[in-house]
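The values are calculated or read from the model by the stated rules, or taken from the named source; none is laboratory data. Since this is a predicted model, take the numbers as computed values, not measurements. Here the Cβ positions follow ideal geometry from the backbone for every residue, glycine too, while neighbour counts run over all protein chains shown. Note: accessible area is taken over every heavy atom of the protein model, side chains too, but ligands, DNA and RNA are not part of it. Shrake-Rupley method; radii C 1.70, N 1.55, O 1.52, S 1.80 Å.
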Amino acid sequence: MESNEIVKTISEIYRQKFGTKPLIVRSPGRVNIIGEHTDYNEGFVLPAAIDKALFIAIGKRDDDIVSLYSKEFDKSHEVRLSDLKKSDEQWANYILGVADQLIKRGHRLGGFNAVVDGNVPIGAGLSSSAAMECATAFALNKLFNLEVPKVEMVKIAQKAEHEYAGVMVGVMDMFASVFGKKDHVLKLDCRSLEYEYVPLKLDGIKIVLFNTNVEHSLASSEYNNRRLQCQEGVALVQKHQPEVNSLRDVSMQMLHEFVEPVNELIYRRCKYVVEENIRLLTGCQDLREGNIKSLGKKMFASHEGLSKEYDVSCKELDFLVDAVKNNPAVLGARMMGGGFGGCTINLVLDEAVEGLIEEVSELYTQHMHLDATHYIAQTADGTSVVMQ
């Protein structure tokens, strides 16, 4: 469904359910061009907000009840602010977690009604959960005049994901959702949260996402496991270099010297992260020079590292990257997101998009016995009010 239709629909549902006109906020999903699993290692990431978003229609109540409705799931959830707790409905937790964080930070909320819907595909690695949390933070801030700075909203959304969704995500998804800018990527330093906009000039090139339509159960447990493995690598280096705080501070020389002789698996995990940061920083230079071809090569190298060294890919993701890597119309491709399912991101010449989608979809069904859905994404601006 197009964004305009979603706004119209949730506005109408809100009026029917609650009898008043709502405030409506949109918050976009994101792609990450390069820099995967670097965020929780205090490294760099390079995301862009996209033209698929989550929308929340919201309004105040006279009591302390929070009344929520998801159009996508056709489900409702109600709870008192004074008894705020996790729900069995995961979609509701993204909203409740944000309200909980605001209260914990001393902000005064009242009861509110909300209707939510969107066109960010769930489970595709485009950060629908972060979009929902950021939309909620932005909407509650506006509704109750809380004057929360944008960077604080990002941190609130991240903490909500940790405590209510139970996934220890880094800060990238929320940051891209709030701070995104059309025709640009965000080069974000995940340690200092300093950022700069780098132009993403995709003249004659489209961002095409192929969705594996699988989500392996390993995703959450292995994500948390990789964080621990990275910390283990840092601890091995710290014995010799106590000034090191994270993999951000670690060089390949340190890994060769202090980690490789002790634990080969931890070495491989850390090697991927250290090299990915280098790929990202040099990739930004490619973008400034308009050299998308060079950036694309780094994307292929990134996938190789994620698959063989960090071990967060799966046969379906590998198949989709292998299917395009010798195609001259595909400048770069890799798995995107936490791994074990979700999407590959591909930079494809305009004139080849239609044929490529047909070819890859057919091959994927033939070999994986699954459908590969696709999305064509464009960059977009970050979280904003669309109706008030």
Determine, yes or no, whether Leu218 is touching a helix residue (DSSP H, G or I) at 6+ places or on another chain (Cβ under 8 Å), open to solvent by 20 Å² or more (accessible area, probe 1.4 Å) and closer than 29 Å to Gly123 by Cβ.
-> no
When you scan the stretch 347-388, how many residues do you find that are open to solvent by 60 Å² or more (accessible area, probe 1.4 Å), under 16 Å from Phe210 (Cβ atoms) and in contact (Cβ under 8 Å) with a residue 40 or more places away in the chain?
-> 4
From Val7, Val66, grab the single residue that is assigned to a helix (DSSP H, G or I), modelled with pLDDT of 95 or more and surrounded by 16 or more Cβ atoms within 10 Å (Cβ to Cβ).
-> Val7
Working only within the stretch 146-178, note down all residues that are touching a residue at least 40 places away in the same chain (Cβ under 8 Å) and at positive phi.
-> Gly166
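Residue-wise test of (1) among the β-branched types (Val, Ile, Thr); (2) out of contact with any helix residue (DSSP H, G or I) (no Cβ under 6 Å at 6 or more places or on another chain); (3) buried (at least 21 other Cβ atoms within 10 Å of the Cβ).
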position: Glu260; (1), (2), (3): no, no, no
position: Arg288; (1), (2), (3): no, yes, no
position: Asn291; (1), (2), (3): no, yes, no
position: Leu295; (1), (2), (3): no, no, yes
position: Lys308; (1), (2), (3): no, yes, no
position: Gly332; (1), (2), (3): no, no, yes
position: Gly339; (1), (2), (3): no, yes, yes
position: Gly342; (1), (2), (3): no, yes, yes
position: Ile345; (1), (2), (3): yes, yes, yes
Taking only the stretch 262-286 into account, find how many residues are closer than 18 Å to Val198 by Cα and open to solvent by 40 Å² or more (accessible area, probe 1.4 Å).
-> 4
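At negative phi, of a type in the set (A, V, I, L, M) and modelled with pLDDT of 95 or more: does that describe Val198?
Criteria met by Val198.
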Which residues, counting only those in the stretch 228-258, are part of a loop (DSSP other than H, G, I, E, B), open to solvent by less than 50 Å² (accessible area, probe 1.4 Å) and either touching a Lys or Arg at 6+ places or on another chain (Cβ under 9 Å) or among the acidic types (Asp, Glu) (or both)?
-> Ser246
Cys314 passes all but one of the listed conditions (1) within 20 Å of the chain's Cα centre (by Cα); (2) under 14 Å from Ile33 (Cα atoms); the exception is number (2)
Which condition breaks for Leu317 when tested against (1) of a type in the set (A, V, I, L, M, F, W, C); (2) open to solvent by less than 10 Å² (accessible area, probe 1.4 Å); (3) modelled with pLDDT under 95?
-> (3)
When every residue in the stretch 74-91 that is modelled with pLDDT under 95 and over 19 Å from Gly166 (Cβ atoms) is compared, the one most open to solvent (accessible area, probe 1.4 Å) is Ser82
Out of the stretch 69-80, which residues are part of a loop (DSSP other than H, G, I, E, B) and either in contact (Cβ under 8 Å) with a residue 24 or more places away in the chain or more than 24 Å from Asn119 (Cβ to Cβ) (or both)?
-> Lys71, Glu72
